[in-house]
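Structure, as structure tokens:
The values are calculated or read from the model by the stated rules, or taken from the named source; none is laboratory data. All values reported here derive from a predicted model rather than from experimental measurement. Here the Cβ positions follow ideal geometry from the backbone for every residue, glycine too, while neighbour counts run over all protein chains shown.
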Amino acid sequence: MISQEGQQGLARELARMNLPMNVYTQWYWKTNLHNLFNFLRLRADSHAQYEIRVYAEALARITRDWVPFAWSAFEDYRMGGAQLSAKGVEVLKRRLAGEVVTQETSGMSKGEWREFEGVWGTNG
């Protein structure tokens with residue numbers, strides 16, 4: 001690897017591997033509440049990688065104590081809510097009208113159908 005001065009040296013990524021485990025990076029993070037909630041919705045999800053989920057859960061506890069009314073709305077509308085595609089809305093309307101809708105007659109992919117049924121259940 002060529003260094004910035006034109007001399008051969010070790011790449012920074014490789015040099016870091018010899019640092020002891022107690023050397024940490026200090027960083028500052030700036031965000032707004034909207035983007036913090038987006039981060040928490042994605043990273044506190046049960047499907048997220050374990051390490052980032054633990055970090056998000058710690059941030060969630062801090063956020064819940066810091067802005068309890070906003071947290072309550074976030075839990076109700078984002079964490080406990082469901083989002084529908086246009087096809088999902090159409091299937092739900094058809095079911096409410098009494099029609100039995102299957103994945104094949106829904107126009108949804110198998111994955112979207114599985115997610116839809118996970119929230120709204122099967123009809124039959």
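Which pairs have Cβ atoms under 7 Å, sit 6 or more apart or on different chains, and link a residue in segment 104-124 that is at pLDDT 90 or above to one that is in a loop (DSSP other than H, G, I, E, B) and of a type outside the set (A, V, I, L, M, F, W, C)?
Listed by first residue and then by second, the contacts come to GLU112/SER85.
Residues in segment 88-123 that are surrounded by 11 or more Cβ atoms within 10 Å (Cβ to Cβ), assigned to a helix (DSSP H, G or I) and not aliphatic (A, V, I, L, M): how many?
Summing the residues that are surrounded by 11 or more Cβ atoms within 10 Å (Cβ to Cβ), assigned to a helix (DSSP H, G or I) and not aliphatic (A, V, I, L, M) in segment 88-123 gives 15.
LEU92 is checked against (1) of a type outside the set (Asp, Glu); (2) outside the structural domain of ASP45 (by TED's automatic domain parsing); (3) in contact with a Lys or Arg (Cβ under 7 Å, 6 or more places away or on another chain) and fails just one. What number does that condition carry?
(3)
Within the set of pairs 6+ apart or on separate chains, which have a first residue in segment 81-101 that is free of Cβ contacts under 8 Å to residues at least 60 places away in the same chain and under 14 Å from GLY121 (Cβ atoms), a second that is in a helix (DSSP H, G or I) and not aromatic (Phe, Trp, Tyr), and C-beta atoms under 6 Å apart?
From residues that are free of Cβ contacts under 8 Å to residues at least 60 places away in the same chain and under 14 Å from GLY121 (Cβ atoms), the pairs are ALA82/VAL119; VAL91/SER106; VAL101/VAL91; VAL101/ARG94; VAL101/ARG95.
Among the residues of segment 43-60, is there at least one that is touching a helix residue (DSSP H, G or I) at 6+ places or on another chain (Cβ under 6 Å), β-branched (Val, Ile, Thr) and not in a loop (DSSP other than H, G, I, E, B)?
Yes: segment 43-60 contains one or more residues that are touching a helix residue (DSSP H, G or I) at 6+ places or on another chain (Cβ under 6 Å), β-branched (Val, Ile, Thr) and not in a loop (DSSP other than H, G, I, E, B).
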